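Take a look at the structure below.
The values are calculated or read from the model by the stated rules, or taken from the named source; none is laboratory data. As the structure is a prediction and not an experimental result, all values here were calculated from the model. So basically every Cβ, Gly included, is an ideal-geometry build from the backbone, and we count neighbours across all protein chains shown. Heavy atoms of the whole protein, side chains included, go into the accessibility calculation; ligands, DNA and RNA do not. Shrake-Rupley method; radii C 1.70, N 1.55, O 1.52, S 1.80 Å.
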Amino acid sequence: ADFQKSIANGWGAWLHHNILTLARLPAGSAFELALCRKSTKTCFDQAFIENNKSPFGRVRVGLIASDRSYAQMYVAMPKDPLNVSITFSHGSDKSTNESWLDLTIQPISCANNCS
């Protein structure tokens, strides 16, 4: 229990029911990502790890730091050729009690006009 408390700190994909929501513990803040296709005006904002039968986005986990300060994942839109890499890192300044979150979303593959 003490080990779990020690790592349940900072930004991360803590919500198992939606890996696209980054939550900050123990503060309880959350940042929800949505991936959208402008040409069809469709978006999705839920994704689950390795759940290929879900109508929501599919996730393949990449690198994750053991202290959860860095993580990377690949997310594919449902019924769509769009595949993106999402990377985030976080940290804090103990002297000011401030924390930061860096987030990068990069297209990996796309076919047929991915606007």
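What to note about this one:
- Within the range 75-111, the residues that satisfy the criterion of being in contact (Cβ under 8 Å) with a residue 40 or more places away in the chain, within 24 Å of Ala47 (Cα to Cα) and part of a strand (DSSP E or B) are Val75, Val84, Ile86, Phe88, His90, Leu101, Leu103, Ile105.
- Of the set (1) out of contact with any strand residue (DSSP E or B) (no Cβ under 6 Å at 6 or more places or on another chain); (2) modelled with pLDDT of 85 or more; (3) open to solvent by 70 Å² or more (accessible area, probe 1.4 Å), all apply to Leu63 but (1).
- Among the residues making up the range 82-105, a single one is closer than 17 Å to Gly62 by Cα, hydroxyl-bearing (Ser, Thr, Tyr) and either surrounded by fewer than 12 Cβ atoms within 10 Å (Cβ to Cβ) or modelled with pLDDT under 85 (or both): Thr104.
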